[in-house]
Amino acid sequence: MRQQLAAEQREAGTPLDPASLEGRDDPDPYALRLEGDPADGAWAWRVSGHHLAVHVTLVEARVHVTPHFVGAQPAVVPRGPRAGWRLLGPEEDLARDVLAALDGDRLAVARPSGTAPADVLTGTDPVADPEVLPRGLAHRDMPPVAQRSLEALVQRYLARAPAAYAAACWEEVLADGLGGVELTWLGSLERGEGHYYAVRAPSLLLELDDTQHGADHVHTVWRHLRDDFGGDLLREHLRAQH
């Protein structure tokens with residue numbers, strides 16, 4: 001992002017303002033790791049760096065893509081030809097659409113605290129524990145317009161995956177019961193101020209946190225609560241082949 005901002009400022013004919021880059025992390029140290037051998041029918045690869053961590057497990061013709069982490073800093077491009085662009089804007093806006101459709105009593109359930117955590121609550125735990133999250137408002141208790149926004153928010157994250165896998169994950173959500181999907185919002189309701197949310201279902205957990213560097217530094221994560229790192233796929237493969 002540092003290099004992008006510098007290039008865009010040069011294109012716009014404006015000098016690079018060092019203060020505009022202060023506190024932003026160097027985007028260069030990213031790594032690709034391969035695990036296993038495709039010839040064995042089960043293998044994995046991952047790309048990881050400061051604001052991207054994607055874990056892909058492939059077993060036969062099936063694929064799994066979580067944990068899946070994407071971050072952005074700045075949250076909003078401040079200047080240049082792409083001024084105002086927000087890489088993770090829809091992930092924030094759809095959650096805000098849910099809140100905007102709630103009356104006061106329902107909003108109080110969805111937002112149990114006005115204080116946002118410093119980062120996603122599941123952190124870097126290899127096994128995500130949904131019990132670390134405060135409870136929120138369930139889909140079944142929302143008005144229809146809020147329900148539609150919550151469904152669109154879940155599908156926004158699932159769209160990061162290949163279409164067939166995203167569809168399978170959505171079918172899991174439906175099979176477990178859409179009514180039990182919960183949204184929890186912590187922190188300010190005002191744009192530009194620190195906020196956090198989590199969406200929890202039996203099969204998945206989504207989190208967004210934007211509190212760092214004056215709420216200009218977003219972290220988002222998608223965890224599969226039954227099959228992170230392709231665990232179920234690998235167990236099935238080992239039982240069948242070994």
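Taking residue 157 as the residue in question, decide whether it is assigned to a helix (DSSP H, G or I), more than 16 Å from residue 111 (Cα to Cα), in contact with a strand residue (DSSP E or B) (Cβ under 6 Å, 6 or more places away or on another chain) and open to solvent by 10 Å² or more (accessible area, probe 1.4 Å). It is false that residue 157 is assigned to a helix (DSSP H, G or I), more than 16 Å from residue 111 (Cα to Cα), in contact with a strand residue (DSSP E or B) (Cβ under 6 Å, 6 or more places away or on another chain) and open to solvent by 10 Å² or more (accessible area, probe 1.4 Å).
Rundown of residues vs (1) among the β-branched types (Val, Ile, Thr); (2) touching a residue at least 40 places away in the same chain (Cβ under 8 Å); (3) out of contact with any Leu (no Cβ under 7 Å at 6 or more places or on another chain), yes/no style:
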site	(1), (2), (3)
99	no, yes, no
109	yes, no, no
116	no, yes, no
123	no, no, yes
133	no, yes, no
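Scanning the range 114-152 for residues that are touching an Asp or Glu at 6+ places or on another chain (Cβ under 7 Å) and among the basic types (Lys, Arg) returns a single hit, 135.
Condition (residue is farther than 27 Å from residue 172 by Cα and modelled with pLDDT of 90 or more) applied to the range 52-70: is it met by at least one residue? No, the conditions are met nowhere in the range 52-70.
Assessment of the range 126-136 against the conditions (more than 16 Å from residue 69 (Cβ to Cβ), in contact with a Lys or Arg (Cβ under 8 Å, 6 or more places away or on another chain) and modelled with pLDDT under 95) yields at least one matching residue. Condition check: modelled with pLDDT under 90, closer than 28 Å to residue 95 by Cβ and either in contact with a Leu (Cβ under 6 Å, 6 or more places away or on another chain) or of a type in the set (Lys, Arg) (or both). Does residue 226 satisfy that? Against the criterion (modelled with pLDDT under 90, closer than 28 Å to residue 95 by Cβ and either in contact with a Leu (Cβ under 6 Å, 6 or more places away or on another chain) or of a type in the set (Lys, Arg) (or both)), residue 226 qualifies.
List every residue pair whose Cβ atoms sit under 9 Å apart, with the two residues 6 or more apart in sequence or on different chains, where the first one lies in the range 165-188 and is touching a residue at least 40 places away in the same chain (Cβ under 8 Å) and buried (at least 20 other Cβ atoms within 10 Å of the Cβ) and the second, anywhere, is part of a helix (DSSP H, G or I) and of a type in the set (Gly, Ala, Ser). Listed by first residue and then by second, the contacts come to 182/110; 183/95; 183/110; 183/146; 184/110; 185/95; 185/110; 187/215.
Check the range 168-188 and report whether any residue there is within 20 Å of residue 229 (Cβ to Cβ) and either assigned to a loop (DSSP other than H, G, I, E, B) or in contact with a Gly (Cβ under 9 Å, 6 or more places away or on another chain) (or both). Checked the range 168-188: no residue is within 20 Å of residue 229 (Cβ to Cβ) and either assigned to a loop (DSSP other than H, G, I, E, B) or in contact with a Gly (Cβ under 9 Å, 6 or more places away or on another chain) (or both).
The values are calculated or read from the model by the stated rules, or taken from the named source; none is laboratory data. Note that this is a predicted model, so its numbers are computed, not measured. We place every Cβ from the backbone using ideal geometry, glycine too, and count neighbours over all the protein chains shown. Protein only, heavy atoms only, side chains kept; ligands, DNA and RNA dropped before computing areas. Shrake-Rupley method; radii C 1.70, N 1.55, O 1.52, S 1.80 Å.
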